[in-house]
Amino acid sequence: MYGIGITLTQFMLDEQRRYGASGHFTGVLNDIATACKKIASLTSKGALVGVLGSANTENVQGEVQKKMDVITNEIFIEALQNNGNAAALASEEMEEVYNLPENKPRGRYLVLFDPLDGSSNMDINVSVGTIFSILRAPNGVRNPTEKDFLQPGVTQVAAGYCLYGPSTIMALTAGNGVNMFTLDRDCGEFILTRENVQIPADTQEFAINMSNERYWEEPIKRYIKECVAGKDGPRGKNFNMRWVAAMVAEIHRILTRGGIFTYPFDERVRHDSNGGKLRLMYEANPMSFIIEQAGGMAHTGYERIMEIQPTSLHQRIPVIQGSRNEVDLVVSYHRPNDD
Ligand code: AFP
């Protein structure tokens, strides 16, 4: 326990002392916090600083980039490449691994990020977020390559997200529970506002894009049908549905009051994306680490997300995350001969 009200900087220094961590780790988190503060400032200004709308470019996954996708990616690079804490970077918005300029010192950590998750929400003034994952860099490698990043989620050193909503909140885990920090804009510091967050094991709230129903597999169709049937169906209770279209906001809601979030297997992308829409390295793994550290469960329906051996930087997978008992039920529907 650290005490509600301490700053993220104090928290990180305490952690560093407690675990004998290197200053590099604290430094990486500090660089990420700096990037998030800059993004928070821009998102709150919106049209006043001309950051809404499309950049008229596509990312590696063929998605049209928003201006803010490009700007926030630059903010992250700028924050992480100068201080000798990161070893190399990978972003949802960049095709290749980003190696630091030759004249910059190297640190010990690989940092992966989705700089602005749910960026299409910017134009309608709805919540967006940043997701990040920190891995150890291999010893003695000056310019890490893609294969150095392809580590399963269980090896993550830390992960977190920053939600830019009515307030800006950072959730962080370094494998010792989940803590949340709210940005105090007056003093420019993230302040610890929730300690050791726990997700309720049961829920009556689900989040899914219902318009894709016809492309789902039978286990998900069954689960959602039973939720929608409410107290008259086999579950014997009513459910509520939410869809913000920004994973950070959905996961934050689940960490706040429980729930289940799924972007499940989709028949349309069975062959080119393993049936998944969300990215393993930038979205699924960091969020799974946070969810599990808060007592929840994260799965594809067939395997625990954090045990998947990644095969490429931009790999996509189906995602089912949230309240433990509910995710467990969905997973049981994926087992052969389960009735
Ligand atoms: P972007 O970051 O490209 O806006 O995508 C957001 C996201 O990956 C995830 O955060 C949402 O849950 C999901 O896509 C929304 O998808 P739909 O377009 O199907 O609503």
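The values are calculated or read from the model by the stated rules, or taken from the named source; none is laboratory data. None of the values given here were measured: they were computed from a predicted structure. Ideal geometry is used to build each Cβ from the backbone, glycine not excepted, and the neighbour counts take in all protein chains shown. Only protein heavy atoms, including side chains, enter the accessible area calculation; ligands, DNA and RNA are left aside. Shrake-Rupley method; radii C 1.70, N 1.55, O 1.52, S 1.80 Å.
The table below lists the values:
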| item | result |
| --- | --- |
| Cβ-Cβ under 7 Å pairs, at least 6 apart or on other chains, segment 1-22 side farther than 17 Å from ALA158 by Cβ, far side outside any loop (DSSP other than H, G, I, E, B) and hydroxyl-bearing (Ser, Thr, Tyr) | ILE4/THR193 |
| Residue in segment 105-121 that is closer than 23 Å to ARG253 by Cβ, in contact (Cβ under 8 Å) with a residue 24 or more places away in the chain and away from the ligand (no atom under 16 Å from the Cβ) present | no |
| Those residues of segment 267-293 which are over 13 Å from the mean Cα position of the chain (by Cα) and surrounded by 21 or more Cβ atoms within 10 Å (Cβ to Cβ), in sequence order | GLY275, GLY276, GLN293 |
| Enumeration of residues in segment 132-158 that are buried (at least 24 other Cβ atoms within 10 Å of the Cβ) and farther than 21 Å from GLY84 by Cα | GLY153 |
| Enumeration of residues in segment 316-331 that are polar (S, T, N, Q) and open to solvent by 20 Å² or more (accessible area, probe 1.4 Å) | ASN325 |
| Helices (runs of 4 or more DSSP H) within segment 245-339 that include 2 or more residues at negative phi and touching a Leu at 6+ places or on another chain (Cβ under 6 Å) | 247-257 |
| Segment 210-236 residues that are closer than 14 Å to TYR333 by Cβ, paired with ones that are within 16 Å of the ligand (Cβ to nearest atom) (beta carbon under 6 Å, 6 or more apart) | TRP216/PRO264; GLU217/PHE265; ILE220/PRO264; CYS227/PHE206 |
| Sole residue being outside any loop (DSSP other than H, G, I, E, B) and surrounded by 19 or more Cβ atoms within 10 Å (Cβ to Cβ), chosen from ASP14, ASP69 | ASP69 |
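Results for (1) assigned to a loop (DSSP other than H, G, I, E, B); (2) open to solvent by 20 Å² or more (accessible area, probe 1.4 Å); (3) under 17 Å from GLY296 (Cα atoms), shown as yes or no for each residue.
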residue: GLY160; (1), (2), (3): no, no, yes
residue: PRO166; (1), (2), (3): yes, yes, no
residue: ALA171; (1), (2), (3): no, no, yes
residue: THR193; (1), (2), (3): no, yes, no
residue: ASP202; (1), (2), (3): yes, yes, yes
residue: LYS221; (1), (2), (3): no, yes, no
residue: ALA229; (1), (2), (3): no, yes, no
